[in-house]
Each structure stands twice: as structure tokens, then as C-alpha cells.
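The values are calculated or read from the model by the stated rules, or taken from the named source; none is laboratory data. Computed from a predicted structure; not experimentally measured. Neighbour counts run over all protein chains shown; Cβ positions are idealised from the backbone, glycine included. Heads up: the accessible areas ignore ligands, DNA and RNA and are worked out on the full protein's heavy atoms, side chains in. Shrake-Rupley method; radii C 1.70, N 1.55, O 1.52, S 1.80 Å.
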Amino acid sequence: MFVGVARLTLQIPDSGSLKSKRQVLRRVTDRLKARFNVAVAEVEDQDP
């Protein structure tokens, strides 16, 4: 079993609300889960 940890900071400047940011983030995490079979968590800064 392999275990790794990565921390990424995504900046989504075109989105004006938390809802639109989460829509973009949902697409990214879904692709990561499907392609690499990884667990993803959204933590910390969630300000719009």
C-alpha cells in the first residue's frame, strides 16, 4: 500500500460565490477520484 499527502491551493478568480467555487472544485475532485482512485478533502479557506 502506498500513502502520500499533497496540499494544493487552488485560486478560482472568476467565480464570485462559494457555490460556483464548489462546482469547479467538485469537477476537479471527481476527475481525480476517477483517474487515480484517491481520497480528496476540502479544508481551510472557503471564503468567496
Rg/Rh of the chain (Cα atoms, Kirkwood Rh), to two decimals, equals 1.00
Of the heavy-atom accessible surface of segment 8-47 (probe 1.4 angstrom), what whole percent is carbon and sulfur? 49
Quick calc, residue 1 & residue 44: beta-carbon distance into FRET formula, R0 30 Å, rounding 0.05, result 0.65
Expected 222 nm ellipticity per residue - DSSP helices of 4 or more, -39500 (n - 2.57), all of the chain, to 500: -13500 deg cm²/dmol
Subtracting the Cα-Cα distance from 0.36 nm times the residue separation, let me have the gained length for residue 32 to residue 15 in nm, one decimal. 4.0 nm
Please calculate how many Å² of accessible area segment 8-47 carries per residue, with a 1.4 Å probe and no DNA, RNA or ligand atoms counted. 95
Between the helical axis of 18-36 and the dominant principal axis of the chain, each derived from Cα atoms, what acute angle in degrees is found, rounded to the nearest 10? 20
